Amino acid sequence: MGRYIVDPAPYLRENRSFSTLAIVNSESSTAVAIESSPGAVRQATPPRAPTVRIRPTKGWAALNLREIWSYRDLLWILVERNIKVIYKQTALGIGWVALQPLIAAAVLAIVAGSVAKLPSDGTPHFLFVFCGLAIWNYFSQTAQRSSTSLINNAQLVSKVYFPRMSIPLSHTFSTLVDFAVTLVMLFVLMAIYHLTPTLRLLAIPGFLLLTAMTATGVALWFSALSVKYRDTSYALPLFLQIWFWASAILYPSSMIHSPRSQTLFALNPVVGFVEGFRWCVLGHSALSPIMLWITIAMSIFVLLSGAFFFRRVERDFADII
């Protein structure tokens, strides 16, 4: 039987591509077409996902608010967790939010009105003090709960990448629940004391925003410092206690008669939003346009300084915490 030998060269010259193979990637179930050509053999390579490298920032970094917004679902989850953890396994639950300012206002009203004989601008001392405590409690609770928030979430910070600023920011929103309960109690007290509500109540969200900005700025400062210096958790309560007595909560700002002293006193942003809150609820206070503008400027300064400082030092959180 004869043997025939066929030279494939003419066929290769006529058909430069003579076969197409379909290779299926088992991981992504994607078909990759390979063409064979003379003199070269192409190997099938699976498609590669784009590489994302996460690197620490250098120097003063931008705030990157877009990234925080993209992780807004995580922020909402943290807010829900904060609310559940605070009132979990408590007999009265959220009732403690109403009892604490009521008891504190009753004691402080007796001290300010009966013992110290401090003025209250023609308002009953209990209502005057409760009005100041309502906005102060939101400020102080936000600062205190946020100061150790990074340490309490050390495992999350060291193992998963996400905007670290979301952790202290979550307490700014979760404490709004406490403020809402206190505000309802304040409206009840207004009805008891026959205080007629006015359109000034519509300005409450504006002064609440100033309070949230200042509280968030303080929270960002102390939460960032607490990662490296754990004794800040002991210094903050003392700092807030001094801040409480330096603000117009038990006494009105009208006790200060000198215009220059009032301007210096207004550098404390707590004075501005406490007097503004009283102006909304009681209808009168020592709030002036100069005090209002100084409060707005100081609130913005505290917020931006805390945010930029937090962004500068957060690159070392995972290594130190």
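Residue separation of Arg66 and Ile300 scaled by 0.36 nm, minus their Cα-Cα distance, works out to 82.3 nm of gained length. Need one word for the stretch 175-278: rounded, prolate or oblate. Basis is the Cα gyration tensor (sqrt eigenvalues a ≥ b ≥ c); a/c below 1.5 gives rounded, then a/b vs b/c decides. Oblate is the answer for the stretch 175-278, as a/c is 1.5 or above yet b/c matches or exceeds a/b.
Note: relative contact order over the stretch 65-320, using C-alpha pairs below 8 Å and six or more positions apart, is 26 percent.
Stretching Val184 away from Gln241 to a fully extended chain increases their span by 18.0 nm, per 0.36 nm per residue minus the current alpha-carbon distance. Between the beta carbons of Ala203 and Ala106, assuming R0 = 22 Å, the FRET efficiency works out to 0.20 to the nearest 0.05. Take the Cα of Asp73, step 7 Å toward its Cβ, do the same at Tyr229, and the gap between the two points is 3.9 nm. Take a quick pass over the stretch 65-320 and tell me how many lysine pairs come in under 29 angstrom between Cα atoms, counting only ones 8 or more apart or on separate chains. Lysine pairs satisfying the spacing and distance rule in the stretch 65-320 number 4.
Stretching Arg260 away from Leu99 to a fully extended chain increases their span by 54.1 nm, per 0.36 nm per residue minus the current alpha-carbon distance.
Read-outs: derived from the displayed coordinates by stated rules, not from any lab. What you see is a predicted model, and the numbers here were worked out from it, not measured in a lab. Virtual Cβ from ideal backbone geometry, glycine too; neighbours counted across all protein chains shown.
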